[in-house]
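The values are calculated or read from the model by the stated rules, or taken from the named source; none is laboratory data. Computed from a predicted structure; not experimentally measured. Backbone-built Cβ (ideal geometry, glycine too); neighbour counts: all protein chains shown.
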Amino acid sequence: MIVPSKFSVDVAISAYGKPYQTAVTLFSLLKHSGQWIDKIYFVEERKQPEPVDFQFIYDHIGSQLIHYKPFFWFWYNKVHSSFQKFRPYRQSIRYQYGWEKTDKDYLLLLHNDVYFTGDLVGEYLRNIGEHTGIGKIGQCWNCPAFSANMCDGKNYTTYRPDYQEIMNLSNQFPGPRSHKYADVMKADKIWPLPECRLNEYVAMVNMKYARPATVPFGKATPIGVHNRIDTGVEWFYMLNNAGHTFTHFDYEPYAIHSWVSLKNAGHEALFNKELYQYEESVALQCLKDEFGYQV
């Protein structure tokens, strides 16, 4: 077990809308785990769902926060590997700016709709060991192998079906993305399964192992790429097959993702203005009640 040291972790967060939820994410993180955090790489996505002002967050956190606005906005579109040598293109990928700029051994990856209730970073540091990453593993709620009680995030390394078995399970336990599996799986190398990933919305990466293996230094596509089912799936697939290991850690005693409504992991609010405004109003009240924020 690693003995945590102060200021041994940097943070990479991409902010797409939700200024008040973004503030709750960072303020609650620093409240519980501030002793481990050095720099916060705050990426304000080039396109926003509505006019947004994050300045109050920059003012509150101060020089600890490094602001960056990328040249490109990918959303969930394909990121072409042939262009990843071009730094402004590559550093527009989610988390990539902080990934390349950090000088710390550990990088915490965050969505901007997380509420921290305890010292998750300290727990991650104490439990990551020699693994390349720590956090919840797998989008198991979508996976037919999980529905069939064959696999989960804790034992994904031991369940290694062949192509036909997973396709049969997909027919027996169809999920929302089962129709995509045939297009993203290699018939001779399907493991890890298509829904397997280190869930990057609140995860920590050991940069000593991950950086040399990942673009621009290694062969693995950046973790923020969305080319294979979901964000981080392709990176996770490539690193597992290169011999890297990951440890499953249930963050829920220490953090809540999409904490306001728990509805579709916060994604639906980006397409529903009424829901978006409701969630932001709840976050604003939290800022007032817990952090003394004054509009």
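Worth a mention:
- Matching option when the condition is of a type in the set (S, T, Y), at pLDDT 95 or above and either closer than 21 Å to G232 by Cα or surrounded by 24 or more Cβ atoms within 10 Å (Cβ to Cβ) (or both), among Y209, Y181, Y115: Y209
- Some residue of the stretch 143-159 being assigned to a loop (DSSP other than H, G, I, E, B), more than 16 Å from Y41 (Cβ to Cβ) and under 14 Å from the mean Cα position of the chain (by Cα): no
- Within the stretch 132-146, considering residues that are in contact with a His (Cβ under 9 Å, 6 or more places away or on another chain) and of a type outside the set (S, T, N, Q), the one surrounded by the most Cβ atoms within 10 Å (Cβ to Cβ): G133
- G129 falls short of the stated requirement of being surrounded by 16 or more Cβ atoms within 10 Å (Cβ to Cβ) and either touching a Ser or Thr at 6+ places or on another chain (Cβ under 8 Å) or assigned to a loop (DSSP other than H, G, I, E, B) (or both).
- Just so you know, in the stretch 45-92 the residues that are touching a His at 6+ places or on another chain (Cβ under 9 Å) and assigned to a loop (DSSP other than H, G, I, E, B) include one that is nearest to Y20 (Cα to Cα), and it is F54.
- Test set (1) outside any helix (DSSP H, G or I); (2) farther than 27 Å from R211 by Cα - K39 fails condition number: (2)
- Only one of the numbered conditions (1) under 19 Å from V295 (Cα atoms); (2) without any contact (Cβ under 8 Å) to a residue 60 or more places away in the chain; (3) among the β-branched types (V, I, T) is not met by T25, and that is (2).
- Single residue of R160, R177 found to be touching a residue at least 40 places away in the same chain (Cβ under 8 Å) and charged (D, E, K, R): R177
- Some residue of the stretch 29-49 being within 18 Å of E279 (Cα to Cα) and either out of contact with any Pro (no Cβ under 6 Å at 6 or more places or on another chain) or outside the structural domain of Y251 (by TED's automatic domain parsing) (or both): yes
- Test: residue in the stretch 62-71 that is of a type outside the set (A, V, I, L, M, F, W, C), free of Cβ contacts under 8 Å to residues at least 24 places away in the same chain and in the same structural domain as R211 (by TED's automatic domain parsing): yes
- Count - residues of the stretch 10-43 that are more than 16 Å from Q64 (Cβ to Cβ) and over 14 Å from the mean Cα position of the chain (by Cα): 6
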